[in-house]
Structures are given as C-alpha cells and as structure tokens.
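Enquirer: I have a structure here, written as structure tokens, and I will follow up with some questions on it.
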Amino acid sequence: MRMERNALLRKLTDEDFAQFAPACTLVELKKGDVLLKEATPVENVYFPLDCVCSILAVTDSDHPIEAGMFGAEGMSNMVVREGDYTFFRSTVFIEGSALRVPAPIFARLLTELPSLNELTLRYKDFAAVQFGYGCYAHGAFPIEARLARWLLMAADRAPNPTLPIIHDLVASMLSVRRSGITNAMHILEGSYAIKATRGLVTILDRAKLEQLAGDCYGPAERAYRLIMDRQPDQR
Amino acid sequence: MSDTACANLRTFLLSVRSNAKASPRSVEPNQIGHIAFMARNVNGRIQTLPRFFLHQRHGGDLIEDIEGAEFADLDALRREAVLSAREIMSERLLKGEDMNNSAFEIVDEGGNVVLCVSFKEALPHRLGGDA
C-alpha cells in the first residue's frame, strides 16, 4: 500500500495500522504550501509520502531560518492534545503527496494505538537531535558546508536524484544572501560533488559532498537509524 | 571593465533612475536604453521587475549567477551587492583569502553589464574601503 512509503507508518503494528489508515486523507502538496503556521493551534498532522518539507523558525516573515527538514522518513509535528500550538512554520519545498490526519483525531489515536505513540515519540526524539546538529552547522561551519549538509538532507528525502531547487530558496533556508549560495554552489561544483543548473541541483558524488559537509552531516542521520530502526515491540 | 568605465556607467544609471523617478508611468524601455526599472504597480496589476544577474569575479575566477533576481531599482540592486559582498568577504576572510580583486559584475537579461561593485567599496571607511 502506498501509505507504507512513510517510514513511520511502515513501522506501525498491523493492528494499529488498520485503525490508523481510515483517519488519513491522501493530499497532493505543492511547493510553498504552508502545513503549519507559527503561533497557531495545529490543525493537521502530515506524514509525507514523497514531498519534502521545511520547519522554519520565523520572527520576521521575510527572514525565516530553517530549523529542520522532514520527508517520508518522518512527520510534520507531534500533537499530544487537541488545541496544541506549533511555534514553527512548516512549508513544502519539493512537491509530492502526503497523508493528512486532523490533529484532534491524531491526539485520540495516540492514546489508543501503542505503536503510533511509541513511534511518534521516538521521532520527536530524533527531531530534537536534528535541530541540535542544525545549531552545530549554523554556528560552526562555513556556508559551503552548510549547503552541502542541506543538499544531502534534501536528497535523502527527495524522490529524484536531481533536486528542483533555486538558489533563492536555499538562501532563505540557510539565512544567507543569494550570492552567498551562488558562491557556495561554485565551491561544491568545483569539487565535482554537484552540478547546478538554473533551478536544478544534481548530486554527482555523494561521498565527496559528505566530505565537504564535514561533521555537520551524519550524526543526526546515524541517530535516526539508532532511534527509529527498532521494532515497536523490542524493549 | 575599467574603473572609469564603471564610473561612467554608474553616472548614466543614476541619471536614468532620476528620470524614471520623475515620471514612472511614462518610462519606456527604449527611452532609457536597456535598463527598464518599472515602477511598482500599486493598483493590483502585474508587476514587471527586471531581472539582474550578480556575477562575481575573484581575481581570474568568474562565478556566474545562473538564476538572477528581480530588483525594483538601482538602489536595491546596489544595496544587495554591498550586503552580499560583506557576507562573502566575512566568510572568505576567515579562510585567509585575499579580497582585493573581488567584484560584482551585474548584468541585465540581455547580458549587458549595468553595475560593478568592488568588494572594497562595501567596506566601511576605517577598514580601508570606499563605502
């Protein structure tokens, strides 16, 4: 079933999956769609199937900065109770499909389905790790390493190896000026790690790109496997 | 492009802009050469802003801006170049790179150079710059 393209839902127990499935609506998300609006109650929880989304910290609408990223490996956010707020904005940057569950229903299912509860809690743990290594990247690494990390993270979640990415978008995500991204793309291209054309970035040499990202890519990704790759019934 | 040519071009652009400011609705692309800074339309009609490409020259190395961006006027274009130069310089200076021969060469969609901004221009006076 198509639902199983989401790694969290794939790990649900069969009984829980059967109860969870009817609550989901398949939606097609376009680039720029806002899934969560900062400082508002969460209306829906999304489980991407092949779209890729950003979690943005926003104080001034013109200058958001990306705090995290999620795709089919995860979910938009966690809601424990109906009416819970989000303090981030979430937008789609690579279009695709996702499963949408209304927040009140999700909150109820969380109390009824043990494997959903455990998997989403574990994912929340991973999200904190991802945010933490994002801080490390933003605080301690030059633009080209942060760009390399961002491209690797996007490629991990995108359905195709060629990413439909414009420089302006990455500049906004990394909170640098567009010319800074042009410069950083040039450095990555000079190492033959990527090929950038207008509106498209292709990863040519993933190992090289990981090398250019240095330690700011990798720890969170390894943490994901350690946190998530256990069956719900393993204690 | 030589410094003199850059200065001449800048003077020309400034005169273009003052004309455009005087009567924004009457400006036709052919009247002002290849640079048409359209006035922002406040009546909800389609806004047409020209696109510019901020190529970077670092010594003999040319970094092409393949996507470009839209700018409302010459001030906005220049401001972006100055702020970008400061950001790129701060990164490159940390690595100990020489920034003396770095500049933005900004071209319009026709490939014509409309503005040059050397990175040194973006430095405050007391750091030895021109800004």
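We did not get these values from a lab; they are worked out from the coordinates using the rules stated. Values in this document were obtained by computation on a predicted structure and should not be read as measured data. Because the Cβ atoms are built from the backbone with ideal geometry, glycine has one as well, and the counts that use them run over all protein chains shown.
Enquirer: Indicate the gyration tensor shape class of region A:25-113 (rounded, prolate or oblate), computed on the Cα atoms with a ≥ b ≥ c the square roots of the eigenvalues: a/c under 1.5 is rounded; otherwise a/b larger than b/c is prolate and the rest oblate.
Expert: Since a/c reaches 1.5 but b/c is at least a/b, the shape of region A:25-113 is classed as oblate.
Enquirer: Turning to a different aspect of this structure: Between A:ARG222, A:ARG100, A:ARG146, which gets the highest mean-square fluctuation from a Gaussian network model of chain A, Cα cutoff 10 Å?
Expert: Between A:ARG222, A:ARG100, A:ARG146, it is A:ARG222 that shows the largest mean-square fluctuation.
Enquirer: Continuing with the same structure: Given the C-alpha atoms of region B:59-118, compute the convex hull and give its volume per residue in Å³.
Expert: Expressed per residue, the convex hull around the Cα atoms of region B:59-118 is 91 Å³.
Enquirer: Work from the charge dipole of region A:68-223 (Cβ charges, +1 for Lys and Arg, -1 for Asp and Glu, about the Cα centre) and give the residue of A:TYR123, A:ALA213, A:THR111 farthest towards its positive end.
Expert: With unit charges placed on the Cβ atoms, the residue in question is A:ALA213.
Enquirer: Then there's this: Arrange B:ASP75, B:ASP108 by Cβ neighbour counts within 10 Å, fewest through most, would you?
Expert: B:ASP75, B:ASP108
Enquirer: Moving to a separate point now. Hey, what number do you get for chain A at 222 nm if only DSSP H runs of n ≥ 4 count, each worth -39500 (n - 2.57), divided across all residues, to the nearest 500?
Expert: Value at 222 nm, helices only: -13500 deg cm²/dmol.
Enquirer: Amide H to amide H under 5 Å from A:GLU73: which residues, 5+ apart in sequence or cross-chain, H placed 1.01 Å off N in plane?
Expert: Distant-sequence amide H within range of A:GLU73: A:ALA7.
Enquirer: Something else about it: How far, in nm, would the chain grow between A:ASN160 and A:LEU200 when pulled straight, counting 0.36 nm per residue and subtracting the alpha carbon separation?
Expert: Using 0.36 nm per residue and subtracting the Cα-Cα distance, I get 13.3 nm.
Enquirer: Once Rh is set to the Kirkwood radius over Cα pairs, what Stokes-Einstein translational diffusion coefficient, in µm²/s, holds for region A:86-189 at a temperature of 20 °C and a viscosity of 1.002 mPa s?
Expert: 132 µm²/s
Enquirer: I want to check the label-to-label distance for B:GLU121 and A:MET3. Put each point 7 Å from Cα in the C-beta direction and report it in nm to one decimal.
Expert: Between B:GLU121 and A:MET3, the label points sit 6.1 nm apart.
Enquirer: While we're looking at this one, here's another question. How much length, in nm to one decimal, is gained on full extension between A:ASP168 and A:ASP229, taken as 0.36 nm per residue of separation minus their Cα-Cα distance?
Expert: Contour length minus Cα-Cα distance gives 18.4 nm.
Enquirer: Each label point is 7 Å from the Cα along the Cα-to-Cβ direction; what then is the distance between the points at A:VAL58 and A:PHE131, in nm?
Expert: 1.7 nm
Enquirer: Largest first and in whole Å, what are the equivalent-ellipsoid semi-axes of region A:15-76 based on the Cα gyration tensor, each being the root of 5 times an eigenvalue?
Expert: In descending order, the three semi-axes are 25, 13, 11 Å.
Enquirer: For region A:1-159, taking Cα atoms only, what is the radius of gyration to one decimal and the Dmax to the nearest whole Å?
Expert: 15.4, 48
Enquirer: Which one of A:GLY71, A:GLY199, A:GLY96 has the biggest mean-square fluctuation once chain A is modelled by GNM with Cα springs under 10 Å?
Expert: In the Gaussian network model the winner is A:GLY199.
Enquirer: Something else: Run the paramagnetic zone check for A:GLN19: 7 angstrom along Cα to Cβ, then residues of region A:105-125 with backbone nitrogen under 19 Å.
Expert: Inside the label zone: A:105-122.
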